[in-house]
Amino acid sequence: MSDIETIEAEALSAIEGTGDIAALDEVRVAELGKKGRVSALMKQLGGMSADERQEMGPKLNALKTRVADAVAARKTELEDAALEAQLANETLDLSLPPKPEARGALHPVMQVFEEIAAIFGDMGFAVAEGPDIEDDWHNFTALNFPEGHPARETHDTFFFHPQDGAPAKVLRTHTSPVQIRVMEDTPPPIRILVPGRVYRNDWDATHTPMFHQVEGLVIDKGIHMGHLKGCLSDFAREFFEVDKAATRFRPHFFPFTEPSAEMDVQCDRSGGAVKVGEGTDWLEILGCGMVHPNVLRNCGIDPDEYQGFAFGMGVDRLAMLKYGMPDLRPYFEADPDWTRHYGFAPWLTPSVSGGLS
Amino acid sequence: MKFTLSWLEEHLATKADRDDILAYMMKAGLEVEEAVTPAEKLSAFTVAKVREAVPHPDADKLRICTVDTIEGEKQIVCGAPNARAGMSAIYAPLGTYIPGADFSLDKKPRKIRGVESHGMLCSAKELEAGDDHDGIIELTEYFEVGTPAATALGQTDTVIDFEVTPNRPDWLGVAGIARDLAAAGAGRYVAKEPKPIEGSYDCPIAVEIGAPEACPIFTGLMITGVKNGPSPEWMQTRLKAVGIQPKSLLVDVTNYISLDRARPLHAFDAAKLNGPVVPRLGKAGEKLEALDGKTYEITEDMCVITDRSGVIGLGGVMGGESTAVSDETTDIFLESAWFDPLRTARTGRTTGIVSDARYRFERGVDPSSCLDGLYLAARIIVEHCGGEVSRPVIAGDPPAPHEKVTFHTEDVARLTGLDVKPADMKKMLKALGCKIEDAGTTWYIVPPSWRFDIDQSADFVEEVARLTGYDALEETPLPPLPGGRKALATPLQQRVRTARRTLASRGFVEAVTWSFMARDNAALFAGGANAVPPALTVANPVASELDQMRPSILGNLAQATQRATDHGAREVKLFEAGPVYLGDGAKDQRTMVAALVRPVSARHWQGAESYDAYAAKADLFAVLDALGQPPERFQIGEHKASHFHPGQAAALKLGPKVTVAHFGALHPRVLKAMDLDGPMIAFELNLNALPQMKVKPGKTKPLFEKADLTPIRRDLAFVVSRETPAGELLRLARGAEKALISSADIFDVYAGPGIDEDKKSVAFEITIQPRGDTLKDADIDAVMKKVIGAVEKGTGGSLRA
């Protein structure tokens, strides 16, 4: 039966010698195909005696298996080699830069608006808005600024030309007129926060003709100055994201509140930058007070039944303090480099649970 | 308002030191802006005596002085020409900071031309004690060696500057400050009410009231035979300390009384007066040459002081040149009156005059202080300038005194939460000058004549609260609101937030620009000069290029982009979410989201795309999508916006009437007019114009239904006229069988050989999504037939063969 050994040796050698799938297939057909040599030997089994078959059957089957295995193994080898060759051709230079994507940014003032809204939102303040162009009533008279009083002068008001004999409209000098609009339309209890643009005719290193304020108003039964102090002290600590920051309330004057106050927050100025919550210095943050009974009356609310407090703060300055912008003027210059530097990524949404910044 | 501590102590008996006083001021609401104590910066300097002064061997102008100092004998090299033996001078030891020169002496002795110098003798300028820098200070009075320099120089006082709020004109006098601080617990108020002057003769100058509504009371007196001269040292020191240059006593005394008592006075040279002095309303055509050297046109609204010669002063604002006192004045007529605050304020605004008198009268001067003012001034004048004082003349009556105001003592606790004993309240209010009629928990109180800010119970609450101190207020958390938690931002604000974050995530940088712009530029965005509403022109703009409320944000963004480009930026992508103004009514403001790109195609090895109108459309659609506004709800139509390119921009509409947005290229005419480097691609979206999406009750979402049948895709191409908007084909195709067609997308637009010249071919793919039942071939054919029919009918085109 040297035939078997010869055929096996020749077949395995031929398989090993193939260089590609097509050549391998030729060898497979020549050995294992219907007319192949191994198949021919298998066919001889039919003409053998039972004893011979008993002996030759396993041998021939083993031959067939070994040749088939060798073909399969060689096929894998050849395919791997072909893939390697193909991959070698497909190499990318991944040191090349991808297509650039512009990096967007949110303006710090707009972000700080949202931070403030998140803090007060947690205390139940709903957001309200009003128009930038106001009438004299909402901006001054209803807020208890007597006509011709010097308190009006301090506001450096922008006026429009009077139209049709009506008093000149103004650009609102504060967000407080929205207090009036809300109280005129909404029965108490009221708990609102008013963000917005405000305008004063003043332009120098520390003033811009347009800036941003947030106004707050709480009207209910039994709301007193202790609530004001608690609410705003909590705000200061949460806004500056410090564990402790002492606050100080000082008497002040605003026509639309009585009593009126300003709130200072503890800070340290010794290192050049302002650090809130440390040191022995004080920094003025906001004005506030109990809503003046005249203002409540002007809005049709009985000051003997309802009372409450209001506050207002300059958002641009708060943003400067918190994030260390040295100068107010670039806020309104729309310089993309400045905004990318001091601004915020779009996915940073201020929230009480996730942190403000 | 500036004052000095020693001045304050004339009206306030106190043991409080400087820091205590500052704390009491803070507590009472007097906001300190600055407190300067020269003694602090002079603490290292002391009196020394020059025992010997010999010329320096190697320098003509230097002397070697042997000086007795607090630290013993020192050798000091001095360059001052007046350094000489026997003089008393001010000595600075080594290492001392010299405030007027802003440097510190070396800590070790320095050799000057070979001779060691152990410290310095100082000039007035080096100590900020004067301007003299020609030589060192020579003390004329005797002081022991080692006496603090501040004592020797009379600079122990502290100058305090604080903000006077408009409600407290009584703080414009040092006496008023003392009264408030005493009420706050700083000490005892020392009332220095002047004794009336009897007067030895009748005042020869008559006074009459010409307009009681403008000047209800006018008083005066005459002093004859005065000899004007410099004011006494103590008055000069005080005036200088608060920044007023002393001139002569007759001028200084009125300034002093104004600062000391918040009581403006005016001194006329009686020899220059002509007949009775009458305050009355002005007449058109009258003029006044005022003390500031300027001539003012008088109006009928002004209160003028007159004599027979005409207008000689603006009541409560400024006196006139024609009757001014001078060094030669011997007889003076002193005026003390009360002028209506509002009229004084108007006159001040009209004339632009800023004076101490105006500042006080427009805020309110104590009407009961007229005669006291005269007596105070007359006593000082007679003491220093001599003269005979007349009996006062009085015309008119002071305005009606304050009426009783009701104070409910329980309002203190109700409005502040403070627990203050009624006895303490009474003490505070009395200290402020209130006259109290106690009727249990309700008090009837006459406020003091110098206060104009007390007319209801809450005003007393403020007084009690501030004098108790706001530190006593107890921090109290706000009570929880009833009801559940809802979104607290308005739907519009939610839109603004979402739009901003969408654009920032797509590479845009947020801008915040002025709400105003140049009127000429506004015209470009409003549709011409006639379309700029005059009602939106600012009457007093901060700058001429910021005089019009903006009709669009894009002008400001374009200018900002140009600035960035000029600065070397490549592609700039800016956006702003903010207001634009259609009119001056409360409902004429719109919230827009505007974005602008100056495309610069960045060269890239993979090839680069340039931002164009289609990219703007994609960004706009992304914003709409984020806002829950499916873009396919809107129609693309021709625009009428004059600032957009006529052919490369479009309007996004909701029905025929509502324009929601514009997008595309800015008009080249706008670019040219504003000197901008184009092209600029932009969009602006009116957030107010978007419909409110229906709010479904509850928070559960509809059940998810997976389309388990495979979608069928078919390509179609039509030949239509060139003018037909391609988007119209999609709209028609989608609308042909809404239930089954889930999408339609154009993949080819072709015009050229093979197609008629005035036509184009538009090819698109429709996706048919079977739901429920499998579609048979016949069903699909039916859909295709509907689509073809609808497109052919709608466009007049035909299926491409």
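Look at the dipole of segment B:530-634 built from charges on Cβ: of B:GLN629, B:ASN530, B:TYR614, the Cα furthest out on the positive end belongs to B:TYR614.
Label zone (A:GLU305, point 7 Å along Cα-to-C-beta; backbone nitrogen cut-off 13 Å) within segment A:176-191: A:187-189. Take the Cα of B:ASP779, step 7 Å toward its Cβ, do the same at A:ASP20, and the gap between the two points is 4.9 nm.
Taking the Cα of B:ALA618, stepping 7 Å toward and past its beta carbon, and measuring to each backbone N in segment B:487-527: which are under 18 Å? Counting backbone N atoms under 18 Å from the label point, the list is B:502-509. A DSSP coil position with no more than 12 other Cβ atoms inside 10 Å describes the following trypsin sites (Lys or Arg not before Pro) in segment A:198-270: A:LYS221, A:LYS244. Full extension of the chain segment joining B:ARG563 with B:ARG110 gains 157.6 nm, where the gain is 0.36 nm per residue of separation less the Cα-Cα distance.
List the lysines whose Cα lies under 21 Å from the Cα of B:LYS287, skipping any in the same chain that are fewer than 8 positions away. B:LYS287 reaches B:LYS272.
Pairs from the list B:LYS74/B:LYS111; B:LYS760/B:LYS786; A:LYS244/A:LYS275; B:LYS227/B:LYS247; B:LYS195/B:LYS426 with a Cα-Cα gap above 20 Å: B:LYS760/B:LYS786; B:LYS195/B:LYS426. Shape class for segment B:243-360: oblate, because the ratio a/c of the largest to smallest gyration tensor axis (alpha-carbon atoms, square roots of eigenvalues) is 1.5 or more and b/c is at least a/b. Once the Cβ-Cβ distance of B:ALA689 and B:LYS287 is raised to the sixth power relative to R0 = 45 Å, the FRET efficiency obtained is 0.20. Shielding by partners for peptide A:152-164, expressed as the average number of C-beta atoms from other protein chains within 10 Å of each residue's C-beta, is 4. Which one, A:THR208, A:ALA245, A:VAL315, is farthest towards the positive end of the dipole of chain A when Lys and Arg carry +1 and Asp and Glu -1 on their Cβ? Working it through, the farthest residue towards the positive pole turns out to be A:ALA245. Taking 7 Å steps out from each Cα toward its Cβ at B:ASP588 and A:LYS221 produces label points 4.3 nm apart. In this structure, B:LYS699 and A:GLU90 have a Cβ-Cβ separation that, at R0 = 51 Å, corresponds to a calculated FRET efficiency of about 0.50. Among the trypsin sites (Lys or Arg not before Pro) in segment A:1-109, those located in a DSSP loop and surrounded by at most 11 other Cβ atoms within 10 Å of their own Cβ are A:LYS34, A:LYS35. When the GluC sites (Glu not before Pro) in segment B:327-424 are filtered for DSSP coil states and for at most 10 other beta-carbon atoms within 10 Å of their beta-carbon, the remaining sites are B:GLU328, B:GLU403. Cross-link partners of A:LYS59 among lysines, defined as those whose alpha carbon lies under 25 angstrom from its own and excluding same-chain residues fewer than eight positions apart: A:LYS34, A:LYS35, A:LYS43, A:LYS75. In plain terms, the chain from B:GLU33 to B:TYR201 could stretch by 55.7 nm, reckoned as 0.36 nm per residue minus the Cα-Cα distance. Helix B:777-795 and the longest principal axis of the C-alpha atoms of chain B enclose an angle of approximately 60°. Each helix, a run of at least 4 DSSP H residues, gives -39500 (n - 2.57); summed and divided by the residues of the protein assembly as shown, these come to -9500 deg cm²/dmol at 222 nm. Candidates A:ALA118, B:PRO691, B:ILE394 compared by Cα position along the dipole of the protein assembly as shown: farthest toward the positive end lies B:PRO691, with charges placed on Cβ.
Look at the stretch B:539-546: the mean tally of other chain Cβ atoms within 10 Å of its residues' Cβ atoms is 5. For chain B, the longest principal axis of the Cα atoms and the long axis of helix B:726-736 meet at an angle of about 60 degrees.
For B:ASP625 and B:ARG771, the FRET efficiency from 1/(1 + (r/R0)^6), where r spans their Cβ atoms and R0 equals 25 Å, is about 0.55. In summary, the lysines within cross-link reach of B:LYS573, defined as a Cα separation below 26 angstrom excluding same-chain residues under 8 places away, comprise A:LYS99, B:LYS617, B:LYS640, B:LYS653, B:LYS672. The slack in the chain from A:ARG269 to A:LEU83, taken as 0.36 nm per residue of separation less the alpha-carbon distance, amounts to 60.1 nm.
The mean number of partner chain beta-carbon atoms within 10 angstrom of a residue's beta-carbon across peptide A:245-258 is 5.
Please check chain B for the longest run free of chymotrypsin sites (Phe, Trp or Tyr not before Pro) that are loop-located per DSSP (anything but H, G, I, E, B) and have at most 15 other Cβ atoms within 10 Å. Maximal segment without exposed cleavage sites: B:202-604.
From the square roots a ≥ b ≥ c of the eigenvalues of the alpha-carbon gyration tensor of segment B:336-409, which class results: rounded (a/c under 1.5), prolate (a/b over b/c), or oblate? Taking the square roots of the gyration eigenvalues as a ≥ b ≥ c, segment B:336-409 is oblate. Here the Gaussian network model covers chain A, with springs between Cα atoms less than 10 Å apart; of A:HIS174, A:HIS227, A:HIS149, A:HIS149 fluctuates the most.
Across A:ILE180, A:ILE15, A:ILE301, mean-square fluctuation computed from a Gaussian network of chain A (C-alpha pairs under 10 Å connected) peaks at A:ILE15. With the simple model of a label 7 Å out from the Cα in the direction of the Cβ, B:GLU388 to A:ALA168 spans 5.5 nm. Mean-square fluctuations from a GNM of chain A, with a 10 angstrom spring cutoff on Cα atoms, peak among A:PRO259, A:PRO177, A:PRO97 at A:PRO97. Placing a label point 7 Å from the Cα of A:HIS341 along the Cα-to-Cβ line, the residues of segment B:492-514 whose backbone N sits under 19 Å from it are B:509-513. Computed from Cα atoms, the angle from the helix B:18-28 axis to the main principal axis of chain B rounds to 50 degrees.
Values quoted throughout were computed directly from the atomic coordinates according to the rules given, and no laboratory measurement underlies them. Just so it is clear, the model here is predicted, and its values are computed rather than measured. Because the Cβ atoms are built from the backbone with ideal geometry, glycine has one as well, and the counts that use them run over all protein chains shown.
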